[in-house]
Amino acid sequence: MNADVAVIPVPGMPEVRTGDDLARLVVASVGAAGWTLERGDIVVVSSKVVSKAAGLWADDRTGAVAASTRRVVAERATPGAVTRIVKSTAGPVMAAAGVDASNTGGSHRVLVLPEDADAAAAALREAIADAAGLPESGIAVVITDTAGRPWRVGQTDFALGSSGIVVLDDFRGRTDADGRPLAVTSMALADEVAAAADLVKGKDRGVPAAVVRGLAHLVGDEHGSGALELVRSGPSDWFALGHVEAVRAALGVEPGSREAAAYGIRSTTEEAAAVRVTRAVAVALHGTDGEVGVDVGPGSVSIAAEDSFVAGWVTARLVAALWAEDLTGEVARPAPGSATVTIGEHT
């Protein structure tokens with residue numbers, strides 16, 4: 001194993017347009033920089049230029065996001081818009097399904113991601129190898145995109161698609177340096193390659209491709225499992241919904257739905273308690289068909305219904321909906337069929 005790893009930018013690539021031979025542009029730019037691709041190289045290419053070459057344009061951003069969304073994970077109101085974190089048709093969970101309006105060559109249109117980025121990587125790998133005069137098995141390709149991460153500030157590049165590279169190194173069953181068995185460790189190698197390459201390329205430098213050299217042991221003869229293997233799904237996905245969206249969905253208001261928009265969506269900025277209480281009340285009353293009377297006062301909500309069970313049911317729903325707004329609800333029942341919920345802030 002070679003301990004020396006080099007990350008080499010591929011400068012000088014022209015603006016990529018629909019129908020361009022992206023592989024030949026990459027190889028030509030490498031040659032113009034005075035070097036050549038070698039066996040064992042990993043060619044890392046931004047998804048933006050892959051989408052441009054494939055003509056994956058859309059005129060309407062909102063419609064493009066909706067069409068590229070499998071399900072909404074979380075949503076927040078931002079100044080003038082609503083931002084949604086979604087499970088994209090491309091596979092990963094991303095903001096706005098990866099639909100992008102930056103660096104689009106002055107176009108007012110937006111770019112969408114390839115639905116099968118692993119297949120796109122396989123085709124690009126074959127074409128680059130052919131253009132460079134190398135056997136296809138001699139190189140690997142990683143197509144990258146940029147995303148944020150739960151619990152971490154800032155964005156980083158990750159492997160959206162890959163071909164010819166080992167994407168995951170599973171340490172489970174091995175031992176650490178002290179001889180202890182490893183039970184959960186798996187290294188996302190393709191993501192690490194993507195992030196390393198982004199150090200020399202990027203949106204503000206006009207360098208959409210890079211080559212990572214020195215990791216030939218990760219380059220295989222076959223296509224490999226592809227980067228889709230790195231996407232958590234099913235039982236391994238602990239965070240299928242945001243905490244706010246999970247509560248609202250349990251109360252019948254699915255994220256991304258018409259009801260969610262009508263009842264209001266939490267903002268990324270600080271909001272007054274009265275605004276949050278109003279949203280919580282609307283969610284609590286979802287599906288009640290006007291059977292319950294609600295009076296929202298300063299610091300409390302009064303609930304009344306002819307049926308005591310219905311009053312209790314709505315009260316329980318309100319306490320849960322308040323929790324999703326970072327509020328608490330202390331319940332008092334002054335008479336059958338009524339309740340008073342005193343509002344507090346989570347501490």
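The values are calculated or read from the model by the stated rules, or taken from the named source; none is laboratory data. This is a predicted model, so every value here is computed, not measured. With ideal geometry, Cβ positions are generated from the backbone for all residues, glycine too; neighbour counts draw on all protein chains shown.
Of everything in segment 306-347, what is exposed (fewer than 14 other Cβ atoms within 10 Å of the Cβ), of a type in the set (Ser, Thr, Tyr) and at pLDDT 95 or above? Give them in sequence order.
Correct list: THR342 only.
Could you tell me which numbered condition PRO114 fails, if it satisfies all but one of (1) under 22 Å from the mean Cα position of the chain (by Cα); (2) farther than 29 Å from ALA216 by Cβ; (3) not small (Gly, Ala, Ser)?
Result: PRO114 passes all but (2).
In segment 139-161, is there at least one residue being at pLDDT below 85 and either surrounded by 12 or more Cβ atoms within 10 Å (Cβ to Cβ) or under 31 Å from the mean Cα position of the chain (by Cα) (or both)?
Quick first cut of segment 139-161, residues at pLDDT below 85 only: none.
No, because not a single residue in segment 139-161 is at pLDDT below 85 and either surrounded by 12 or more Cβ atoms within 10 Å (Cβ to Cβ) or under 31 Å from the mean Cα position of the chain (by Cα) (or both).
Tell me yes or no: at least one residue of segment 294-302 is assigned by TED's automatic domain parsing to the domain that holds TYR263, in contact with a Leu (Cβ under 6 Å, 6 or more places away or on another chain), surrounded by 18 or more Cβ atoms within 10 Å (Cβ to Cβ) and not in a loop (DSSP other than H, G, I, E, B). Spell out how you get there, then give the answer.
Initially, segment 294-302 is screened for residues assigned by TED's automatic domain parsing to the domain that holds TYR263, giving 294-302.
Now drop any that are not in contact with a Leu (Cβ under 6 Å, 6 or more places away or on another chain), which leaves none.
Checking segment 294-302: not a single residue is assigned by TED's automatic domain parsing to the domain that holds TYR263, in contact with a Leu (Cβ under 6 Å, 6 or more places away or on another chain), surrounded by 18 or more Cβ atoms within 10 Å (Cβ to Cβ) and not in a loop (DSSP other than H, G, I, E, B).
What single numbered condition from (1) at pLDDT below 95; (2) in contact with a strand residue (DSSP E or B) (Cβ under 8 Å, 6 or more places away or on another chain); (3) under 30 Å from ALA97 (Cβ atoms) fails to hold for GLY287?
Unmet condition: (2).
Pairs under 6 Å by beta carbon, first residue within 15 Å of ALA81 (Cβ to Cβ) in segment 256-268, partner among the hydroxyl-bearing types (Ser, Thr, Tyr) and loosely packed, with under 15 Cβ neighbours inside 10 Å, six or more apart or different chains?
THR268/THR78
Could you give every pair whose Cβ atoms fall below 6 Å, whose first residue belongs to segment 196-207 and is more than 16 Å from ILE42 (Cα to Cα) and not assigned by TED's automatic domain parsing to the domain that holds LYS48, and whose second residue is crowded, with 17+ Cβ neighbours inside 10 Å and at pLDDT 90 or above, counting only separations of at least 6 or pairs across chains?
As it stands, the answer is none, since no pair meets every condition given.
Of the residues GLY329, GLY287, GLY312, which single one is more than 27 Å from the chain's Cα centre (by Cα), over 19 Å from GLU75 (Cα atoms) and part of a loop (DSSP other than H, G, I, E, B)? First the steps, then the outcome.
Numbers: GLY329 fails: part of a loop (DSSP other than H, G, I, E, B); GLY312 fails: part of a loop (DSSP other than H, G, I, E, B).
Among GLY329, GLY287, GLY312, only GLY287 is more than 27 Å from the chain's Cα centre (by Cα), over 19 Å from GLU75 (Cα atoms) and part of a loop (DSSP other than H, G, I, E, B).
For segment 250-260, which residues satisfy the criterion of being in a helix (DSSP H, G or I) and either crowded, with 19+ Cβ neighbours inside 10 Å or at pLDDT below 95 (or both)? Spell out the reasoning first.
Keep residues of segment 250-260 that are in a helix (DSSP H, G or I), which gives 250, 258-260.
Once the filter is applied, which keeps residues that are in a helix (DSSP H, G or I) and either crowded, with 19+ Cβ neighbours inside 10 Å or at pLDDT below 95 (or both), segment 250-260 yields ARG258, GLU259, ALA260.
Output the qualifying pairs, or none if there are none: Cβ atoms under 7 angstrom, residues six or more apart or on different chains, first residue in segment 320-347 and of a type in the set (Gly, Ala, Ser), second residue part of a loop (DSSP other than H, G, I, E, B).
Correct list of pairs: ALA320/LEU251; ALA321/LEU251; GLY337/ALA305; GLY337/GLU306; GLY337/ASP307; ALA339/ARG333.
Do we find a residue being modelled with pLDDT of 95 or more, crowded, with 20+ Cβ neighbours inside 10 Å and within 19 Å of VAL193 (Cβ to Cβ) anywhere in segment 66-81?
No, that holds for no residue.
Determine if segment 146-162 includes at least one residue that is touching a Pro at 6+ places or on another chain (Cβ under 7 Å), in the same structural domain as ALA190 (by TED's automatic domain parsing) and either more than 25 Å from GLY234 (Cα to Cα) or assigned to a loop (DSSP other than H, G, I, E, B) (or both).
no
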